[in-house]
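The values are calculated or read from the model by the stated rules, or taken from the named source; none is laboratory data. Note that the coordinates shown come from a computational prediction; the quantities given were computed from them, not determined experimentally. Cβ placement follows ideal geometry from the backbone for every residue including glycine, while neighbour counts extend to all protein chains displayed. All accessible areas refer to the heavy atoms of the entire protein, side chains included, with ligands and DNA or RNA removed. Shrake-Rupley method; radii C 1.70, N 1.55, O 1.52, S 1.80 Å.
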Amino acid sequence: MATSTTVKFIILIVSIFLVLSINQGNAQVKKKEGSTMTLSERVKQLTDLSNKRPIIRMNVQKFNDLVKGGSRNYSVIAMFTALSPQRGCAICGAAHDEFTIVANSFRFNSQVYSDKVFFALVDFDEAGSIFQSLKLYTAPVFIHFPPKGKPLNQDKMDIQRFGVEAEAIGRWIADRTDVQIRIFRPPNYSGTMALVIVTVLVGGLLYLKRNNLEFLYNKPAWGIASLFIVFCFTSGQMWNSIRAPPVVQRTQNGGISYIHRSSQGQLVIETYIVFLLSKFPLMTETETETQHVVFINLKILRI
């Protein structure tokens, strides 16, 4: 009887020891798996990556470690996009180019560059789960991840209102981080070349027609040219050149919208629709049987 009691006691002690050993081992494994880099290590890795490329391309692991994981003393300006041509995002490429200009302007300006702001890019095809976790259903999206806490509503840039130009992104970053970024655009000689070509063509035409310049006094031609310019401006061509809107817009059902849903925005194709509608003539006949052309402008001028 005593022997049986001793055996049971020994089995109990061994069982308790095994349970404690297993729990301790699991705790160590969880601690190891859940461990993250220290703040200085994250800053160092972000600095090294930004020295190679001003925009850090994020995958799921990098995003969780460097952006979401642990405390931060730096801001991350992240662009969520879909650059693959198969995704059919017309504005994503232009927005990426503007975002690159902002990141380069920050990186190569010694007066403002620091380890307090980093630029990141998350592509849907490389990290789709991040889009799902943040409940992002459109692209491109610009989000500011502040040093403390989660992003607020103001930390998401309203591109429908401000556009995707580098200057607009820079002003938004200054508003959220107090870091003033002076935008430096690479030189673009296409406008100068176009002006030179047009000047040469016009000069050559005037030279060839130097003995017959009556066409310069052609009132119908000047009238048509003037109306063309008026239709361009009233249809929103200047808006397109400033805001760089997308050609079309995808709806939530996967269809294509040709008219912008907001009264403060417009699409490129919408501009041409309004341009054509503006040119439709309405012929009316007066009492003297003289026909007058009345042009109907259906475009509502935006503020």
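How much FRET efficiency would the formula 1/(1 + (r/R0)^6) give for Tyr189 and Asp97, where r is the Cβ-Cβ distance and R0 is 22 Å, rounded to 0.05? Display every interim value, and only then the final one.
On the way: r = 17 Å, r/R0 = 0.77.
Calculated value: 0.85.
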For 195-204, 179-188, 124-133, ranked highest to lowest by mean beta-carbon neighbours within 10 Å, the order is 124-133, 179-188, 195-204
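For the range 48-126, what is the accessible area per residue in Å² when the probe is 1.4 Å? Don't skip to the answer; put the middle values down first.
Details: 3580 Å² over 79 residues.
Heavy-atom SASA per residue in the range 48-126 reads 45 Å².
Can you work out the FRET efficiency for the pair Gln132 and Phe233, with r the C-beta to C-beta distance and R0 = 41 Å, to the nearest 0.05? Write out the running numbers ahead of the final one.
Working: r = 43 Å, r/R0 = 1.05.
Calculated value: 0.45.
Mind ranking Ile229, Ile55, Ile77 by accessible surface for me, highest first, 1.4 Å probe?
On the way: Ile229 90, Ile55 30, Ile77 0 Å².
The residues order as Ile229, Ile55, Ile77, largest area first.
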Check: C-alpha center the range 158-221 vs C-alpha center the range 47-113, spacing in Å is 29
Residue by residue through the range 52-59, the couplings from Karplus 6.51 cos²θ - 1.76 cosθ + 1.60 with θ = phi - 60°, in Hz, x for Gly and Pro, are 7, 9, x, 9, 8, 7, 9, 9
Interchain or sequence-distant (5+) residues whose placed amide H lies within less than 5 Å of the amide H of Val117 are Ser75
Using a 1.4 Å probe on heavy atoms of the protein chains only, the accessible area for Met238 in Å², nearest 10, reads 90
